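Everything on this sheet refers to the single structure shown next.
The values are calculated or read from the model by the stated rules, or taken from the named source; none is laboratory data. Computed from a prediction, not measured in an experiment: that's the story for all the values here. For neighbour counting, all protein chains shown are included, and Cβ atoms are generated from backbone atoms with ideal geometry for every residue, glycine included. Calculation scope for accessible area: heavy atoms of the full protein, side chains included, ligands and nucleic acids excluded. Shrake-Rupley method; radii C 1.70, N 1.55, O 1.52, S 1.80 Å.
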Amino acid sequence: MLISVGILFAPTIRFHLHGVFKEKNLSGYFSGEYSIVQKPDGAILTHDQESKHVSLPLEFIPKKEETAKIELTDVTIGINFHWERKENQFFRGNLKIIEEDNHLTAINILDIEDYLISVISSEMKATSSLEFLKAHAVISRSWLMAQCEKSKTLKKEGRNYQSFHQNEQEYIGWYDREDHRNFDVCADDHCQRYQGIHKANTPTVAQAVASTQGEVLCHNHQICDARFSKCCGGLSEKFENVWEPVSHPYLQVIYDADTAFSQRCPYSEETAEEWINSTPDVFCNTTDRKILSEVMNDYDQETHHFFRWEVYYNQTEISELICRKLNIDFGDITDLIPLERGESGRIIRLKVIGTRRTLVIGKELIIRKALSESHLYSSAFIVQKEFNGNVLKGFRLKGAGWGHGVGLCQIGAAVMGARGYTYREILNHYFPNTVLEKKY
Ligand SMILES: [Zn+2]
Ligand SMILES: [Zn+2]
C-alpha cells in the first residue's frame, strides 16, 4: 500500500537525487542537484546551470528502489513550534512536485510500512522498549489507514470537512486533516512527524513495524482513528473535546495508571485547580531521564517541565500577544474565563475579555496558539490573576500535560514499556473497546 506525504511548501524547492531516477513524462535520466522555482509564466527546473520550463506535476521515480535516495534541502520541521528549525532530509520512494495555492509542494510517495519505520523513528529515539515501539507502530498504522478511509468517504460524499464556526461572540475551530487535498498526510506534527530515512535504519524500530505488519486497532470492524500525544498529564481527553463533535468509544477519558482515579473530575474551576495542583502517581509522571530521552528526540528534550508547568505574562505582554495572535483588537486583556472543560481539565471554550472586545475562543489548539508565541503546552490550565493593590499586574497560567491528550500518552506508554507491559496491554490501557486485527 502506497501513501503520499506532503513534505515541503515553498516558492523554490532544492533537491539532490542520489542514484538514477526517471521522470513520469520527461525523457532521459535524472541524477544530482536540482532546483525548481515557480515563475509567473510557469515552473523552471535548473540542473548544472541549465534551466528549462517544465509543466507540473513532476514525479521522479528511482530506477533502483533499494539504493536510491532523495535529499530535500532546508526542510522546516516543527513549524511554529518552540523547536522549529531547518534540516536537509533524505527520503526513499518517489518525489512528486506539484503546484498548489501559489506555492510548490514536494510530496514523497512511499510504502506505508517504510513510512511507519520512519515516523516512529522521527517521533522518538529508537532505543525505546520494543513493546512500546510495537504499540506505536499499531496506532500510527491505524491512524493513517483511518485517515485514508475518511478522505475517501469525504470525497465520495462530496462534502467539505467543516472545522470552523465564527461569529461576533465566538471563534471555535479545530485543526484536523481538512486542508490536505493533494496528499494523504503532511510531515509535521499536524499529522505525524515524518523526517525521512536518516534516522530510520534502526533494527528495533524495523523489528517493531515488521512484527506488527498489517495490524490495526478496530472497533466494530472499523479501523480506529487512533490518536496520540506527548503527555496526557494524568488524564486523557475525549476526541470530541478536541476535534469534530463525534464520539468514539475508544477515545474516552483514561486515568494514566493501573489504579482507579480517586480525585474529582477536573470539569469545574475548583476541581481543575485541585487536579493541576496535585502530582498524581501516573505513568507519565516521570523524571526518569533515560525514559524521557528514549521518547523524545533531542529537540524535544529542551522541554522538561511538561507534566505540570507554569507560564507568567504581565498585562502588557498578554494583551499584545493575544491581539497579535488572533489578529483582533481586544484592547487591554482584563480577564480569561474558562467556560467549558473536558474530562482531562483541558479547556474547550475560553472567554477572552478585553477593554474593547470580548470573544469566546476554542477548541484547545486555538487557545494554545493564542496564549503563546508557539503553542502553550496544553489547554489544561487554570488562570491566576495577579494584582498590585487593586491594579491588575498579570496572568499566571498553571497547567498539566503536553499536547491534546487524546488517545495514547507517549511518555506514559514508554514508561509502561519499560516496566514490562506488553504492547497489547499498552493498547488496551489507552484504547478501550478495541481489538487488534491483521489487515494484510
Ligand atoms: Zn497534516
Ligand atoms: Zn499520560
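Would you mind giving the three semi-axes, in whole Å and largest first, of the ellipsoid equivalent to the range 336-380 according to its Cα gyration tensor?
Values: eigenvalues 59, 37, 9 Å².
Whole-Å semi-axes of the equivalent ellipsoid: 17, 14, 7.
Convert each backbone phi in the range 268-282 into a coupling constant with the Karplus relation 6.51 cos²θ - 1.76 cosθ + 1.60 (shift: θ = phi - 60°), then list the ³J(HN,Hα) values in order as whole Hz, x for Gly and Pro.
Values per residue, Gly and Pro as x: 9, 4, 5, 6, 5, 5, 4, 5, 5, 7, 8, 10, x, 7, 10 Hz.
Find the relative contact order for the range 262-353 and round it to a whole percent, using C-alpha pairs within less than 8 Å whose residues are 6+ positions apart. Write out the running numbers ahead of the final one.
Working: 80 pairs, mean separation 25.9, N = 92.
Contact order relative to length: 28 percent.
Check which residues have an amide H placed less than 5 Å from Tyr421's amide H, if you skip close sequence neighbours.
none
Can you bin the range 247-296 into rounded, prolate or oblate? Criterion: square roots of the alpha carbon gyration tensor eigenvalues sorted a ≥ b ≥ c, rounded for a/c under 1.5, prolate for a/b above b/c, oblate for the rest. Mind showing how you got there, number by number?
On the way: a/c = 2.19, a/b = 1.39, b/c = 1.57.
Cα axes put the range 247-296 in the oblate bin.
Calculate the FRET efficiency for Lys86 and Thr287 from the Cβ-Cβ distance with a Förster distance of 45 Å, rounded to the nearest 0.05. The partial results should precede the final answer.
Working: r = 31 Å, r/R0 = 0.70.
That pair, Lys86 with Thr287, gives E of 0.90.
Could you tell me which of rounded, prolate or oblate describes the range 28-151, using a ≥ b ≥ c as the square roots of the eigenvalues of the alpha-carbon gyration tensor, with rounded for a/c under 1.5 and, failing that, prolate when a/b is larger than b/c and oblate otherwise? It would help to have the intermediate numbers written out before the result.
Numbers: a/c = 1.96, a/b = 1.83, b/c = 1.07.
It is prolate, given that a/c is not under 1.5 and a/b is the larger ratio.
What angle, in degrees between 0 and 90 and rounded to the nearest 10, separates the Cα long axis of helix 112-123 from the longest principal axis of the Cα atoms of the chain?
50 degrees
Can you give the log10 of the normalised intensity I(q)/I(0) at q = 0.06, 0.07, 0.11, 0.12 Å⁻¹, computed with Debye over equal Cα scatterers of the chain?
Debye intensities relative to I(0), on a log10 scale: -0.28, -0.38, -0.91, -1.06.
Pairs Lys86/Lys290; Lys52/Lys96; Lys369/Lys393; Lys238/Lys438; Lys155/Lys230: which are spaced more than 24 Å apart, C-alpha to C-alpha? Numbers along the way, then the final one.
Details: Lys86/Lys290 27 Å; Lys52/Lys96 18 Å; Lys369/Lys393 22 Å; Lys238/Lys438 26 Å; Lys155/Lys230 31 Å.
Lys86/Lys290; Lys238/Lys438; Lys155/Lys230, as the Cα separations exceed 24 Å there.
Assigning unit charges at the beta carbon (Lys, Arg +1; Asp, Glu -1) and nothing else, what dipole magnitude in debye, to the nearest 20, does the chain show about its Cα centre? Spell out each step's value before the answer.
Details: 50 positive and 60 negative charges, 75 e Å.
With Lys and Arg at +1 and Asp and Glu at -1, about 360 debye.
Positive end of the charge dipole of the chain (Lys, Arg +1 and Asp, Glu -1 on Cβ, about the Cα centre): tell me which of Gln38, Leu359, Ile172 has its Cα farthest that way.
Gln38
What order, most packed first, do the peptides 33-40, 180-187 have when packing is the mean number of other Cβ atoms within 10 Å of each residue? Walk me through the numbers on the way to the answer.
On the way: 33-40: 14.4, 180-187: 19.9.
So the order, starting with the most tightly packed, is 180-187, 33-40.
From the phi of every residue in the range 341-356, what ³J(HN,Hα) in whole Hz does the Karplus formula 6.51 cos²θ - 1.76 cosθ + 1.60 yield, where θ is phi - 60° and glycine or proline is x?
3J(HN,Hα) across the range 341-356, in whole Hz: 10, x, 4, 8, x, 5, 6, 9, 10, 10, 8, 9, 10, x, 6, 10.
With the cut-off at 1.5 for a/c, could you classify the range 1-64 from its C-alpha gyration tensor as rounded, prolate or oblate? Intermediate results must be reported in sequence, preceding the final value.
Working: a/c = 1.61, a/b = 1.20, b/c = 1.35.
Since a/c reaches 1.5 but b/c is at least a/b, the shape of the range 1-64 is classed as oblate.
Rounded to a whole number, what % of the accessible area of the chain do carbon and sulfur atoms account for, probe 1.4 Å? Write down the numbers at each step before the final one.
Values: 9140 of 19190 Å².
Whole-percent figure for carbon plus sulfur exposure: 48.
Using only Cα atoms, tell me the angle between helix 315-326 and the longest principal axis of the chain; keep it within 0 to 90° and round to the nearest 10.
40 degrees
Amide H to amide H, which residues 5 or more places from Gln192 or on other chains are under 5 Å from it, using H placed in the peptide plane?
Here Cys186 satisfy the definition.
Step through the residues of the range 433-440 one at a time and calculate ³J(HN,Hα) from phi using the Karplus curve (6.51 cos²θ - 1.76 cosθ + 1.60, θ = phi - 60°), rounding each to whole Hz and writing x for Gly and Pro.
Values, residue by residue: 6, 10, 10, 8, 10, 9, 8, 7 Hz.
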